[in-house]
Amino acid sequence: MVTARTARSLFSVCVASRPWSVWTSVCVGARWWEARGRQLYGAGAVWDSRKQASAGWGSRHQSTSAGWGSKKHAAKRKIQLQTAELMMDAEMEQQLAPLRASCKEQGDLVRKLKAEGAPEVDIKKEVQELKARKKELEDMILKLSPADTFDRAKMNDLIKRRFFYDNSFAIYGGITGQYDYGPMGCDLVDNLLAEWHKHFVIQERMLKVNCSILTPEPVLKASGHVDKFADYMVKDVKTGECFRLDHLIKQHFEKVMADKKTSAEEKEALSLTVARLDGMTMEEMNDLMRKHDMKSPLTGNNLTDATEFNLMFPISIGPSGNLKGFLRPETAQGIFVNFKRLLEYNQGKLPFACAQVGNAYRNEISPRSGLLRVREFTMAEIEHFCDPDDKNHPKFAQVADTEMVLYSGCAQMDGESAKRMTIGEAVHGSGLSSLGLLSTPAEVGALDRYLKERSYILEHSPSQADLVVWEALRQPPPSDLFHASRWYRHLSSFSERERLSLPGEKLMLEELTGGRQKGMVANETLGYYMARIQQYLLRIGINPKKLRFRQHLSNEMAHYACDCWDAECLTSYGWIECVGCADRSAYDLQQHTKGSGVRMCVERPLKEAVMVDSLAAQPDKGIIGKTFKKDAKAVQEALTALTIEQAEQMDKALTEQGEYELSGFKMTRAMVPSFKREQKKVFVEEIVPSVIEPSFGVGRVFYSLLEHSFRVREDDDKRTFFSLATVVAPIKVSVLPLSNKQEFVPFTTQLADALTDLNLSVKIDDSTGSIGRRYARTDEIGIPLGITVDFDTVNKVPHTVTVRERDSTQQVRMPIEEVPLTIKNLADGKTQWKDVTDKWPIFTSQETTK
Ligand code: AMP
């Protein structure tokens, strides 16, 4: 998808009043937010190619990238603190409470002094005290949190040595931003995608497509990519090295902010500017660069003024060079352009979702953070098409209790941390439940009666969807509250005018909400996908303590999008956006309707037929056929699809100018001699579906997973390995004969074959190294289970082998014929290692040694 930076957003209501906030503010509703956005960011709506990950990428060397620079330590502490904050549980919070209260008290004092215009020296003294208290709090947070000893250099060494991935064309020096996956990387990616397919495509009964990568220009013109898929770029005047300007500015400011000499006020101002960056125009960024005298971070040379650089790779399709196009910058457009066919396949019904997995290409300006910013990457995208007036999801109740860490736009603007809450609360708000108004069945019954007697159900004819919600509301506890809040939301989505026309309705709704916070996630479908994304990421092994969902700020979000949340993983590069999840409204389908002339809409039955005016073109089919030949059908379709306003416009143009351009075809009066005005009875209305889009960057998920599962053995820091979950581990089990003696061979072969027959990937390592070395080798590539054939296997009856679990290195001994099914059940997640150790004796040493 293309996202835009604009000052417009449709944030849900947020109430914020925080002692630590950059602004102590109460923001109530979209209008406030919009006004605030304009005030802070200016009205200029600038498109961004996409969101950037939290890290800045401007530096040449991996180790100093991500804005770490020479202030690596400060940045590392900041990341450790962010992680630690997420890891705090109730008990730890209790220990922190006095320190937090002390900071708050001091913060309040500083603010009071400032508001009263106290002498500078007094304020400075109290600010110093505040800093000291904050440091004490931070130190305690770090002390309480489990130590994170991740070592990127060690992990990269393992990745390279065991060929998970490496620079493309390495023997020719390699190219930044391009990587080849080796055997382990390929298998891991395949397994991640296989789980993705099961989790989304199979379980959500989605459709799937596989579309062309070579995309003609008009498609990407319509989608907005040709004009707006660009970043601002500056160049080193001497070397010509290119930099992405927003990353360069961010990196520069982060360095200044990390400097002890920078005052607290300056830091606050710079951090505000960094938050504003996404919404800035090119001129504003240029001014910033000049004002702060920014130079090339690599050479110290001067930089040119910024230019806009479109990130798409241009191509010409075919030998003539006449058909211009681009390598696709995302897979989503392939789904949109096939919408009509997909809708037909789905028998004209909404909602439905379609998925596509494939490569996308973006000519990144300075891709310098390993797999995180590359020029060629795999995306797994879903486009869920739904009724714009009903974004409830039938399975939302199943995920409503899922706890998630959500970092709302309001929290970001107020300098607050992310909050843990259920997605049910996040979508429906806490209004009803926390009011206590509906805490008993009797109270829910009262609401039921109230709505039935006085609400819109009686005064308007309910739609099928209303009745479904109505029925759901009447289900027995414990879902009463949930459905009541859903019903409330359903009602509150009506326009003000509609609600006001219902006696008592407005009052009731206000009474119920009591001005409380509404849900911060725009709708159930968006919330449903966020919860499903989280379930997927946790299933494959992402560390739950290093996962959060961050809402886009108003200036990051495309003007047409209602709401957007990124699933971000914490890595040594900072918080990285791995999955975007956006409600894109009807934008994409509307754009392709305009661009192609093919109407991308769905017919929705009306409750009652209505009479409508129409202006139908009366074409001369003969002339159209002769003029346009094979395109005549498309022209006819475009004529039939004209709205009354378009038909009036075309009629006028043909009369006044003699010609009119219809979907790229030049039409003359002879082709459409007249238009006929008539009244038609219609039974359906046309709606353009809304699109909810989860968009996975597979390489980023893959990399985050590697970081989250990288381990170093406590007793030997040279023994590193990946603690990959069994579902995604490239190889599920190894078979290791104790030595290469001939008598082990039949057992090894028999076991390996039996495991392969169960579709388990097996590695036989019969090399000469010691068994310990061979275990270490299999651990390195994340093989979760290992079987050893030893002398007891050969000498004793019944024949037994040992089975070893990678993370604990524990071993059990069991009969050889029990092994394949035991491994299969472990690999499928049907049993756990504990079940195995409960059943079989722990192995310490073999009884026979030859
Ligand atoms: P976007 O369409 O920009 O929202 O990107 C969708 C997803 O693709 C993001 O959530 C990232 O995970 C991933 N992504 C975007 N750009 C890149 C890149 N240059 N390299 C790797 N992954 C990317």
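Quick notes on this one:
- Positive end of the dipole of region 605-687 (Cβ unit charges, origin at the Cα centre): among 674, 628, 617, the Cα lying farthest that way belongs to 628.
- Cα pair distances exceeding 17 angstrom across region 661-767, given as percent: 78 percent
- Burial ranking of peptide ranges 653-662, 322-331 (average Cβ count within 10 Å, highest at the top): 322-331, 653-662
- Projected label points at residue 818 and residue 636, each 7 Å from Cα along the beta carbon direction, are separated by 7.4 nanometres.
- Length gained on full extension, residue 676 to residue 604, computed as 0.36 nm times the residue gap minus the Cα-Cα distance: 23.4 nm.
- Rg to Rh, two decimals, where region 731-839 supplies the alpha carbon set and Rh follows Kirkwood: 0.92
- Within region 673-713, backbone nitrogen closer than 20 Å to the virtual label 7 Å beyond the Cα of residue 535 toward Cβ: 692-697
- Residue 269/residue 128 FRET efficiency (R0 22 Å; Cβ-Cβ; nearest 0.05): 0.70
- Of all lysines in the structure, those lying under 23 Å Cα to Cα from residue 131, and not within fewer than 8 positions of it along the same chain, are 71, 72, 76, 78, 104, 112, 114, 143, 255, 260, 261, 267.
- Using the Cβ-Cβ distance between residue 401 and residue 95 with R0 = 22 Å, the FRET efficiency computed as 1/(1 + (r/R0)^6) comes to roughly 0.20.
- Spatially proximal aspartates and glutamates relative to residue 391 (Cα-Cα < 15 Å; intrachain offsets below 8 disregarded): 383, 466, 524, 563, 583, 693
- Whole-angstrom gap from region 321-356 to region 643-666, using each part's C-alpha centre: 29 Å
- Label positions at residue 611 and residue 714, each projected 7 Å from the Cα along the C-beta direction, are separated by 8.4 nm.
- For region 118-169, the set of chymotrypsin sites (Phe, Trp or Tyr not before Pro) satisfying both a DSSP loop assignment and a count of at most 11 other C-beta atoms within 10 Å is given as 169.
- Region 731-839: relative contact order as a whole-number percent, Cα under 8 Å and 6+ apart: 27 percent
- Share of alpha-carbon pairs per 10 Å distance bin for region 605-687, given as whole %: 17, 47, 25, 11, 0
- Modelled spin-label separation between residue 221 and residue 78, with each label point placed 7 Å from Cα along the Cα-to-Cβ direction: 4.3 nm.
- In region 80-144, the ratio of gyration radius to Kirkwood radius, Rg to Rh, stands at 1.09 when only Cα atoms are counted.
- Segment residue 809-residue 316, length gained on full extension (0.36 nm per residue, minus Cα span): 171.9 nm
- Relative packing of 712-723, 114-125, which averages over residues the other C-beta atoms within 10 Å, highest first: 712-723, 114-125
- Peptides 175-185, 240-250 ordered by average Cβ neighbours within 10 Å, highest first: 240-250, 175-185
- Computed E for residue 344/residue 213 - FRET, C-beta separation, R0 25 angstrom, nearest 0.05: 0.55
- Using the alpha-carbon positions of region 134-178, Rg (one decimal) and Dmax (whole number) come out as 18.3, 52 Å.
Read the figures in this text as sums done on the coordinates, not as results from a lab. It should be emphasised that the depicted structure is a prediction, and the values quoted were computed from it without experimental measurement. Note that each Cβ is placed from the backbone with ideal geometry, even for glycine, and that neighbours are counted across all protein chains shown.
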